[in-house]
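In what follows, a structure is listed as structure tokens, so that the remarks can point back to it.
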Amino acid sequence: MAQRTLFLLPGDGIGPETMGEVRKIIDYMNAEQDAGFVTDEGLVGGSAYDAHGASISDADMAKATDADAVLFGAVGGPQWDAVPYDVRPEAGLLRLRKDLELFANLRPAICYPALAQASSLKPELVEGLDILIVRELTGGVYFGEPKTITDLGNGQKRAIDTQVYDTYEIERIAAVAFELARTRGNTVCSMEKRNVMKSGVLWNQVVTETHKAQYSDVKLEHMLADAGGMQLVRAPKQFDVIVTDNLFGDMLSDVAAMLTGSLGMLPSASLGAPDPKTGKRKAMYEPVHGSAPDIAGKGIANPIAMIASFAMCLRYSFNMIEEANNLEKAIANVLDKGIRTADIMADGATRVGTTQMGDAILAEFSALSA
Ligand SMILES: NC(=O)C1=CN([C@@H]2O[C@H](COP(=O)(O)OP(=O)(O)OC[C@H]3O[C@@H](n4cnc5c(N)ncnc54)[C@H](O)[C@@H]3O)[C@@H](O)[C@H]2O)C=CC1
Ligand SMILES: CC(C)CC(=O)C(=O)O
Ligand SMILES: [Mg+2]
């Protein structure tokens, strides 16, 4: 049987706690389903900095490059606030995305029926919500140069971040969004700020041209990103696929997360281009949330974003569609039974911690797989 290699990077804060729940599912699938997962584990973020002074080591980068897929927990925390900028915990995550060329970040925001009450919006606005945010992940202001703080010598400093996009970067992320739209509601909304940013002007042009050349069967809309944020909380169900740049995608997906009840619910897949020879693509699966220092170590973090990220891994890296569907159904069933971590707690529900939530999902997954 083929081996499937997984490189686990739990990271900091709640990362190791939520990754532990995925490890149980991997072990179960190996023992009961002959899944053939071969796992290795490394350090990233503050834990890597503490061990060897870098937010990810070259050795762990090599392992991430060689693996079929990387599973990433979360990085960061106040204890690393004073470390040099280049080796801060978040730099490890950015290096993984950049060096593996994971330019397409898929961030689905699905409101499970049982959680419509947990959203900060009225239930009727979010019931049935199924949005896919396609965020460009290796360009834009996160990586553009220059990126500096200069002392102007007059008691003032100047900070510069640079937003840069080339045509090919916009073309390829637009193509991913159009392709995915064809498998769903066939509608793409592109968000930028062409009214104030040159990169927004180019973004708008290239998305429009890509649409005209290859995807005219898909419905395309354009929206200014600030208005897009407003529409996401006014009438989120108007959207199917949203395609946007690195920074806007980061912000809008946190907004979308709260529509679904909690940041602890949102998974993501970060994908590279398919290899022309093998068709395989580099991939990393990471929850949208961070290391949640405020609840780390308390055993109360919601592991669903991490587990649902593993479901995306089963689907996109290993084409294990039935297993992915079963895992997502297991999450829905557990929520239907009223089992809740603190962040999605509701009247009459049963409050559980991280491990009990993981155990409940595994039990349901096992029943569905039987
Ligand atoms: N992918 C990553 O590793 C990311 C890392 N970060 C880093 O994480 C650290 C904390 O950042 P914050 O702004 O506080 O964002 P955060 O996402 O860690 O937390 C925001 C809020 O959501 C809650 N939350 C997040 N995930 C949860 C879960 N699974 N279950 C229950 N509640 C959850 C937290 O308790 C907190 O109240 C920072 O160092 C930041 O740079 C932030 C975002 C992404
Ligand atoms: C580098 C990350 C910490 C930025 C972020 O918030 C994200 O990618 O979701
Ligand atoms: Mg973010």
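The values are calculated or read from the model by the stated rules, or taken from the named source; none is laboratory data. Please read these numbers as outputs of a predicted model, since none were measured by experiment. Neighbour counts run over all protein chains shown; Cβ positions are idealised from the backbone, glycine included. Calculation scope for accessible area: heavy atoms of the full protein, side chains included, ligands and nucleic acids excluded. Shrake-Rupley method; radii C 1.70, N 1.55, O 1.52, S 1.80 Å.
Mind checking whether some residue in the stretch 22-34 is in a loop (DSSP other than H, G, I, E, B), open to solvent by 20 Å² or more (accessible area, probe 1.4 Å) and in the same structural domain as residue 360 (by TED's automatic domain parsing)?
There is at least one residue in the stretch 22-34 that is in a loop (DSSP other than H, G, I, E, B), open to solvent by 20 Å² or more (accessible area, probe 1.4 Å) and in the same structural domain as residue 360 (by TED's automatic domain parsing).
Every residue, every condition in (1) assigned to a helix (DSSP H, G or I); (2) closer than 30 Å to residue 138 by Cβ, yes or no:
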site	(1), (2)
288	no, yes
325	yes, yes
329	yes, no
357	yes, no
368	yes, no
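Quick one: which residue in 281, 234 is away from ligand 2 (no atom under 16 Å from the Cβ), in the same structural domain as residue 98 (by TED's automatic domain parsing) and open to solvent by 30 Å² or more (accessible area, probe 1.4 Å)?
281
Pick from 109, 35, 48: which is in contact with a helix residue (DSSP H, G or I) (Cβ under 8 Å, 6 or more places away or on another chain), more than 30 Å from residue 179 (Cα to Cα), aliphatic (A, V, I, L, M) and touching a residue at least 12 places away in the same chain (Cβ under 8 Å)?
Step by step, each of 109, 35, 48 is checked, and only 48 is in contact with a helix residue (DSSP H, G or I) (Cβ under 8 Å, 6 or more places away or on another chain), more than 30 Å from residue 179 (Cα to Cα), aliphatic (A, V, I, L, M) and touching a residue at least 12 places away in the same chain (Cβ under 8 Å).
Just give me the residues in the stretch 63-93 being within 10 Å of ligand 1 (Cβ to nearest atom) and either under 15 Å from the mean Cα position of the chain (by Cα) or not assigned by TED's automatic domain parsing to the domain that holds residue 306 (or both), in sequence order.
Correct list: 72, 73, 74, 75, 90, 93.
Go through the residues of the stretch 5-26 one by one and say whether even a single one is at pLDDT 95 or above and of a type in the set (Ser, Thr, Tyr).
yes
Determine the pairs where a residue that is within 18 Å of residue 305 (Cβ to Cβ), located within the stretch 67-87, has a partner that is away from ligand 3 (no atom under 16 Å from the Cβ) and among the aromatic types (Phe, Trp, Tyr) with Cβ atoms under 9 Å apart, the partner being 6 or more residues away or on another chain.
Close Cβ pairs satisfying both conditions: 69/7; 69/316; 69/318; 70/7; 71/7; 71/310.
Regarding residue 125, is this residue part of a helix (DSSP H, G or I), farther than 26 Å from residue 179 by Cα and assigned by TED's automatic domain parsing to the domain that holds residue 234?
For residue 125, the condition - part of a helix (DSSP H, G or I), farther than 26 Å from residue 179 by Cα and assigned by TED's automatic domain parsing to the domain that holds residue 234 - is met.
Kindly indicate the residue of the stretch 240-261 that is over 23 Å from residue 94 (Cβ atoms) and surrounded by 22 or more Cβ atoms within 10 Å (Cβ to Cβ) and also farthest from ligand 1 (Cβ to nearest atom) among those meeting that condition.
Only one residue tops the list, namely 241.
Take residue 93 and decide whether it is out of contact with any Leu (no Cβ under 8 Å at 6 or more places or on another chain) and either within 16 Å of ligand 2 (Cβ to nearest atom) or part of a strand (DSSP E or B) (or both).
In short, yes.
What's the total number of residues in the stretch 148-183 that are under 21 Å from residue 271 (Cα atoms), open to solvent by less than 80 Å² (accessible area, probe 1.4 Å) and either assigned by TED's automatic domain parsing to the domain that holds residue 281 or not polar (S, T, N, Q) (or both)?
Total meeting the criteria: 14.
Within the group 296, 256, 292, which residue is modelled with pLDDT of 95 or more, among the small types (Gly, Ala, Ser) and within 13 Å of ligand 3 (Cβ to nearest atom)?
Only one candidate passes the filter, namely 292.
May I ask you to list the residues in the stretch 338-351 that are under 24 Å from residue 323 (Cβ atoms) and surrounded by fewer than 20 Cβ atoms within 10 Å (Cβ to Cβ)?
none
Return the residues of the stretch 306-323 that are part of a helix (DSSP H, G or I) and within 20 Å of residue 180 (Cβ to Cβ); say none if nothing qualifies.
If the condition is that a residue be part of a helix (DSSP H, G or I) and within 20 Å of residue 180 (Cβ to Cβ), then 308, 309, 310, 311, 312, 313, 314, 315, 316, 321 are the ones that fit.
As an exercise: evaluate residue 275 against (1) more than 30 Å from residue 66 (Cβ to Cβ); (2) among the acidic types (Asp, Glu); (3) away from ligand 1 (no atom under 16 Å from the Cβ) and give the number of the one condition it does not meet.
(1)
Say whether the condition of being buried (at least 18 other Cβ atoms within 10 Å of the Cβ), more than 26 Å from residue 123 (Cα to Cα) and in contact (Cβ under 8 Å) with a residue 60 or more places away in the chain is met by at least one residue in the stretch 324-337.
no
Which of the following residues is closer than 29 Å to residue 144 by Cα, open to solvent by 30 Å² or more (accessible area, probe 1.4 Å) and not polar (S, T, N, Q): 12, 58?
58
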